[in-house]
Amino acid sequence: MVSHGFVLPTRGVVLSSDDSLEQAARVQSEVIGLARRAEALGFDGVWAGDSVLAKPRLEPLSTLAAVAGATESVTLGTAVYLPQLRNPVHVAHQTATVDLVSGGRLALGVGVGVGAGVATEHDQLDIPYDRRGAVLDEGLEIVEGLWGDEPVSVDGEFFELSDADVGIRPCGSPPPVYVASATFDPRDGFPARIRDRIAARGDGWLPIGMSPEMYAAGIERARDIVDDAGRDAAGFDAAYYQDVVIAETEAAAIEQARGFLDRYYPSWGELSDDDIRRRGAFGPPSVVADHLERYADAGVETFVTRFTATDQREQLRRFADIVA
């Protein structure tokens, strides 16, 4: 059974206005309101992206806590969260809180981020950019320890703790951790850091920008990694992050996506049509439906969809019609 998640426009509300009152109104209508709408339309999850300085947006865990109070059953996911930008004690405290207030609905897609803006962000937060993967992994180990029943003591490369305990625990099982990855060809093997992260704590894989053939090979290999690590691969979720624009023609959809991505990522420079196509599905409903079918056939179980268009409500409605 394929599930569908909607990426909330938590950066869009920041880009749309510099006026705090207008932003507050947009948060209510375009974040909280669209989360409710997505649930009513049958979406299985709502997801929030992350950045502190590189791509300013609403803080994801605070946002998901607010969404928890406005929804009843949807998964509340991060796509993707950058834990290494925070102290892991704070991460454990916040994530456990969100999981508790939502009744156990939190899912954590985690990654490291890439690009010049992300490098500057890490520098300004005094996080070594070239070691961000190692910081992430050490931090995740601490977070998982703090989610447990015993106080945590650590004498690590980046963090030191002595009998630390945040005092609260996630609701029931710990939130699943999805290992995010940018584009690479998994048919040639996984990068060592991604492979080790999946082996140690991955409950799912969340890549972007892969052909169906690449994805099929990658999810098979990811489950082999989990199995080789002595963990149960049966419940390892096959997720996929994608950009989508539904329009009357492919050209119109790609132009909408180009305008959106230019505003979101000004440092990227001009994107070709093929650059955009590799990120997801763009065009009439039949094109999007065919794309979803091909990736489902390749093994995708959870689609995490960002609409790279201005009218989020209309895109949400049209996408729901396709997957209905």
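Quick notes on this structure:
This table checks each residue for (1) under 22 Å from residue 138 (Cβ atoms); (2) within 16 Å of the chain's Cα centre (by Cα).
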| site | (1), (2) |
| --- | --- |
| 69 | no, no |
| 75 | no, yes |
| 81 | yes, yes |
| 86 | yes, no |
| 94 | yes, no |
| 101 | no, no |
| 107 | yes, yes |
| 110 | yes, yes |
| 121 | yes, no |
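- Members of segment 178-203 that are closer than 20 Å to residue 279 by Cβ and either in a helix (DSSP H, G or I) or touching a Phe, Trp or Tyr at 6+ places or on another chain (Cβ under 6 Å) (or both): 179, 186, 187, 194
- In segment 7-65, the qualifying residues are those that are touching a helix residue (DSSP H, G or I) at 6+ places or on another chain (Cβ under 6 Å) and among the basic types (Lys, Arg), and the one that is surrounded by the fewest Cβ atoms within 10 Å (Cβ to Cβ) is 36.
- Check on residue 36, out of contact with any Cys (no Cβ under 7 Å at 6 or more places or on another chain), under 17 Å from residue 320 (Cα atoms) and not hydrophobic (A, V, I, L, M, F, W, C): yes
- Every condition in (1) in contact with a helix residue (DSSP H, G or I) (Cβ under 7 Å, 6 or more places away or on another chain); (2) small (Gly, Ala, Ser); (3) more than 23 Å from residue 305 (Cα to Cα); (4) not in a helix (DSSP H, G or I) holds for residue 234 except the one numbered (1).
- Residue list for segment 169-181, filter: closer than 21 Å to residue 84 by Cα and either surrounded by fewer than 16 Cβ atoms within 10 Å (Cβ to Cβ) or more than 18 Å from the chain's Cα centre (by Cα) (or both): 169, 170
- Matching helices (runs of 4 or more DSSP H) fully within segment 28-120 where at least 1 residues are under 15 Å from residue 304 (Cα atoms): 33-40
We did not get these values from a lab; they are worked out from the coordinates using the rules stated. It should be emphasised that the depicted structure is a prediction, and the values quoted were computed from it without experimental measurement. Neighbour counts are summed over all protein chains in view; Cβ atoms, including those assigned to glycine, are modelled from backbone coordinates with ideal geometry.
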